[in-house]
Every structure is written in C-alpha cells, then in structure tokens.
Amino acid sequence: MEIKVLEKGDKNMRLLIKGVDTPFVNALRRNALAEVPCMAIDDVVIIENSSVLQDEIVAHRLGLIPLKTDLDGYNLPEECSCKSEFGCNLCRVTLTLDREAKEGTVTVYSGELVSENPNIVPVSDKVPITKLVKGQKLRLEAYARLGKGKNHAKWQPVSTCTYKYLPQIKIDSKNCDACGKCVEICPRKVLEKSEGKIEIRDLPACTLCQDCMDACPKEPSAIEVGWEENAFIFSLESTGVLPPERIMEEAVKILEKQLKELASQIKVRKT
Ligand code: SF4
Ligand code: SF4
Ligand SMILES: [Zn+2]
C-alpha cells in the first residue's frame, strides 16, 4: 500500500491511497462515520425554561452541538468500569447553562455552556440554542458522553467522508489540435492550455464527469478520461471534535480490531 497526503488542514484531510481495493477504503469510510467515538450531550436536566422553545427542542439542539473530544481521557459508558446508568468522571462530563434576559431580546449561544472539563467544550461558541425576551430564563444541566455515529448522527465525528477513484486522463497529442474546448467545459479546471498544448493542471480535482470527452470535436475523442484500479482519493472533513488524522488513526485501529474478531470467530467455528 502507498499513501500520500495530498492536503491537510485543521479540519480536513485528503489522501491518495494506492494498492488497495474498494471494500478496504469503504470499510475505513464506514468506520470514520459510524464507529469512531466522539463526545455529545446525551442527557439534559432542565431546571427552568421559560423560552419559546419546548424542553425537548432545547435538549435536541444541545445534543447536536459538536464538542471537542478527549478520546484518551474518557471511556465509552458501556465499557466503563463504573457500570452505572448515571456514569462517572471517566465516562460523563457535566455542562451547565444559566441565562436570563435582563433587557430586550438575547440569543443564547453554545459558548455560554460552562463545562466541568475545559477540554470538553463546544467546537464553536456561536451555535445559537434559543432566544430569550426580557424576563425569560434558561437554566439547565447537560451530561455529555462518548458515543458512536451508528447510534446517533450527533456522535459522528466527520461532516463528510468520501472516496473516489484516482482519475487517469490521456490526451492523444497527434489527434489534438489544442482547440481548448475541453479546457473551457471542465467544471473543475483540471485542464489548461499552455504553449499550444493541453496539460493537466489538477488531476485529483477531476470528477470523472467526461464532459471534456463529449466536448472534443475529434472523432474519436482526442481526450480520454478513465480511472486507475486500486488507487483512491480519500477525503475526510472533521466536525472539529477531533483532528482529522486522529479520526483516520482510530478508523484503522477499529478495522484491525474487527478483523481480529472475525479471525477469532472463524477459529472458534472450525474447532
Ligand atoms: S472528466 Fe470532467 S472534471 Fe475530469 S477533466 Fe474532464 S471535464 Fe474536467
Ligand atoms: S477538445 Fe479535443 S482537440 Fe480540442 S484541445 Fe481538447 S482534446 Fe484537443
Ligand atoms: Zn463510568
């Protein structure tokens, strides 16, 4: 297997993975989406809510606020040694909110949640929870825990996680007269005309739409778009709860665990 990092930011990552097949990259994608845990609010005790939103709606909105996650400091409640429905310091984090509109109308934002652990806080301070008019109050205690995206989307650490085949573009220089029609039609600006020749400017951006082939006036087309077997561009965008490389690392670890489990099950059945 060959891996090249094409792009890496605080929240996103793009990899070129060669020498693997579709089920392998799809297993990584599925693990990143559904199996890598992250923190989200799961229980809310409303002490006072005189806002226009019902308690259930406020609780639902709180659940969907992405929280920075410390995977090494917390256990999944089902794996925690406390075995308690209420959780303990190793599987639960308490956040509180106490807000009253003293004057006019105010918006209550995620940044007003006070966490008992400064590392487990909303990714963004600017997620609106509700609005309060003069005299209205919102007081609550919220409990966050680790969970998995397969149980609820609020525990999904990625906003997108996709893969596509690595494109292959061939230009027949004998047939091509550099008319530039393929360059003009390409929605992703993959091609460029330089010194009377068509060149590939940004291959990974190609979506394999084949519009360039259709636009080519030559018969047969002087440009041919296909894809490389067993080579993929894997893109991942974190919601901000975990760094993208940590999500990938965890997805790989989980895949390894799943394969070991499969091997041990096969062994048991054989004996
Ligand atoms: S297949 Fe589509 S995206 Fe790729 S180079 Fe051709 S027009 Fe551009
Ligand atoms: S449209 Fe066809 S002939 Fe024109 S530049 Fe592109 S490949 Fe060459
Ligand atoms: Zn616990």
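A quick yes/no check of all residues on (1) within 16 Å of ligand 2 (Cβ to nearest atom); (2) at negative phi:
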site: 149; (1), (2): no, yes
site: 162; (1), (2): no, yes
site: 188; (1), (2): yes, yes
site: 196; (1), (2): yes, no
site: 204; (1), (2): no, yes
site: 216; (1), (2): yes, yes
site: 222; (1), (2): yes, yes
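Condition (residue is of a type in the set (Gly, Ala, Ser), at pLDDT below 95 and away from ligand 1 (no atom under 11 Å from the Cβ)) applied to region 188-201: is it met by at least one residue?
Checked against the condition, which is being of a type in the set (Gly, Ala, Ser), at pLDDT below 95 and away from ligand 1 (no atom under 11 Å from the Cβ), region 188-201 yields at least one hit.
Being more than 7 Å from ligand 3 (Cβ to nearest atom), of a type in the set (A, V, I, L, M, F, W, C) and in a loop (DSSP other than H, G, I, E, B) is the filter here; which residues of region 76-94 pass it?
76, 86
From 44, 36, 52, which residue is of a type outside the set (Gly, Ala, Ser) and touching an Asp or Glu at 6+ places or on another chain (Cβ under 6 Å)?
36
Could you please give the count of residues in region 215-270 that are among the aliphatic types (A, V, I, L, M), more than 20 Å from residue 21 (Cβ to Cβ) and either assigned by TED's automatic domain parsing to the domain that holds residue 65 or at pLDDT below 95 (or both)?
Residues that pass the stated criteria total 2.
Might you let me know whether region 123-143 holds any residue that is of a type in the set (Asp, Glu) and free of Cβ contacts under 8 Å to residues at least 40 places away in the same chain?
yes
Please work out which residue is farthest from the chain's Cα centre (by Cα), limiting yourself to region 95-123 and to residues that are farther than 24 Å from residue 136 by Cα and away from ligand 3 (no atom under 15 Å from the Cβ).
Taking the candidates together, the pick is 118.
The values are calculated or read from the model by the stated rules, or taken from the named source; none is laboratory data. None of these values were measured; they are calculated from a predicted model. Every residue, glycine as well, gets a Cβ built from its backbone with ideal geometry; the counts of neighbours run over all protein chains shown.
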